[in-house]
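Step one of this worksheet: look at the structure below.
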Amino acid sequence: MNSEGQLYDVVIVGAGIVGTALAWKLSSEGYRVCVCERSETATPSLRLEPLSHAALGLLREMGLWEHLRPALMPLDSVAHFRNGYLVKGMGGGSYVAAYDQLVASLRPRLAKVATVIWDRVVQVSAHGRIKSVRLESGQVVCGWMVVLATGAATGEELDPLEGPVETICEDYCRLFACDLAFEEPERLMHAALVFQTSHASHGYHSLKLFDLGGGRVRANFLTYWGATDKRRQELLRGNGAAVLGRTVEGLLPCAGAFDLLSPIEENVVHLNQPGNPGDHGFVLAGDACGPAAPSGALGLHKGLHDVRVLAELMPRWEREARGGNADFSDYYAHPAKQAIDAEVLERSLRERKMAIDWHPSWATRRLIGDRFPGWVETALVGPSSRNGARPGQTSRSGLDN
Ligand SMILES: Cc1cc2nc3c(=O)[nH]c(=O)nc-3n(C[C@H](O)[C@H](O)[C@H](O)COP(=O)(O)OP(=O)(O)OC[C@H]3O[C@@H](n4cnc5c(N)ncnc54)[C@H](O)[C@@H]3O)c2cc1C
């Protein structure tokens, strides 16, 4: 389809999971959609995590599930350790996915329902009835609505708001990822292992190991370490195996020695949100509207909720746009959006406090979490079953209880 000179209903900037899902949904409802994406391949598999059941439900509801299914790897058993003790074992029902593969499984299908332009958007003009985006090549694409699904701001992104970004938590967390090879892979015994600690001084949320097969284990290590933290510097200086082995309680006794197969990738997440989310003539969706903590596996859930709310409001905006100018501000005030945004923010901040806050109330919760993990509402700590299982003594039968 030739995009030049054509007026679309909606121009979506960004073909990450949110932009793609939105384009899919709106196209299926008969809207003419154009998606502008700067990069033909998504960032490789840094975001390899279990997908929440809520996110899976939304993907099913949008008819995306069957297309994503081949990119998802089922987890048939997950073992959770706290302070080096096995506290919970889970059977299957959960999936992990490499983010680039998720996106790659959707994008070719996107081209069948929408116009896709591979170019960076450098400017958004959102005044008046017809909005437009300018691409690096100079091409201009127009629609009565523009949605920015450009992901979490890293400083290089398009900044069309020209307004303050409200920083809720700078350097909220650092996620380190790499592939590992264990000397005795048979000791892992599970598709995924999750290690947590209740010692605030350790400063991490979790180390998650995913068995990718072929002797490769993906490690996602989510920390609250600052930029100047010595452990971070040592980790990035090439001493990764030693730092992980020393810092993560129970890792060496349970899983044994390992080597790094890839350099350590670092991803810093700042929690922020648009300072003045009024009507700018365009809307922000997904991480562009404020990222979620990677620990809670809520990013996708939140982004897909945005898609659902946008799709619900679209018919009314379309009528308004025909009659003059649509007012998009009710998107941010939508009760479902406000509820999910508030929940995600609250949970993100709570998880950080739960991991590293020294205030007696959080220290007490950690203590209770040690004795009665089921009492503490954190994402990953479940019902206790210490069962006397000590590091290195886990068994599949113990987990199935
Ligand atoms: C390390 C990490 C781990 C995570 N783990 C989980 C998890 O386990 N579970 C979960 O649910 N969520 C997780 N998340 C969050 C989840 O990945 C995000 O919430 C989700 O990817 C947001 O999707 P998005 O489409 O809004 O943004 P993105 O996926 O970032 O996509 C944005 C797209 O916009 C494009 N773009 C940006 N600027 C422009 C421009 N100017 N012109 C054209 N294109 C542009 C980019 O190239 C990109 O393709 C994690 C996030 C991170 C960073």
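Past the 29 Å Cα-Cα mark, which pairs from LYS25/LYS353; LYS88/LYS337; LYS88/LYS353; LYS88/LYS302?
Exceeds cut-off: LYS25/LYS353; LYS88/LYS337.
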Amide H of ARG32: which non-local residues (sequence gap of 5 or more, or other chain) have their own amide H closer than 5 Å, using H built in the peptide plane?
ASP9, VAL10
Through the Karplus equation 6.51 cos²θ - 1.76 cosθ + 1.60, θ set to phi - 60°, convert the phi angles of the range 359-364 into ³J(HN,Hα) values in whole Hz; use x for Gly and Pro.
4, x, 5, 7, 5, 5
Förster radius 56 Å - calculated FRET efficiency between ASN239 and ASP279 (Cβ-Cβ, nearest 0.05)
0.65
Pseudo-spin-label distance TRP358 to GLU318, built 7 Å along Cα→Cβ, given in nm, is 5.8 nm
Going by how many other beta carbons lie within 10 Å of each one, how would you line up LYS230, LYS337, fewest first?
LYS230, LYS337
Treat each spin label as a single point 7 Å out from the Cα along the C-beta direction, and report the ALA342 to GLU61 distance in nm.
1.9 nm
For the range 177-335, with equal point scatterers placed on the C-alpha atoms only and solvent neglected, what are the log10 I(q)/I(0) values from the Debye formula at q = 0.12, 0.13, 0.21 1/Å, to two decimals?
-0.67, -0.73, -1.32
How many angstrom separate the Cα center of the range 172-188 from the Cα center of the range 203-254?
7 Å
At 7 Å along Cα-to-Cβ for each site, give me the label-to-label distance between SER39 and ILE368 in nm.
4.2 nm
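Just so you know, all these numbers are worked out from the coordinates, no wet-lab data involved. Predicted model, so just to flag it, every value in this text is computed and none were measured. Backbone-built Cβ (ideal geometry, glycine too); neighbour counts: all protein chains shown.
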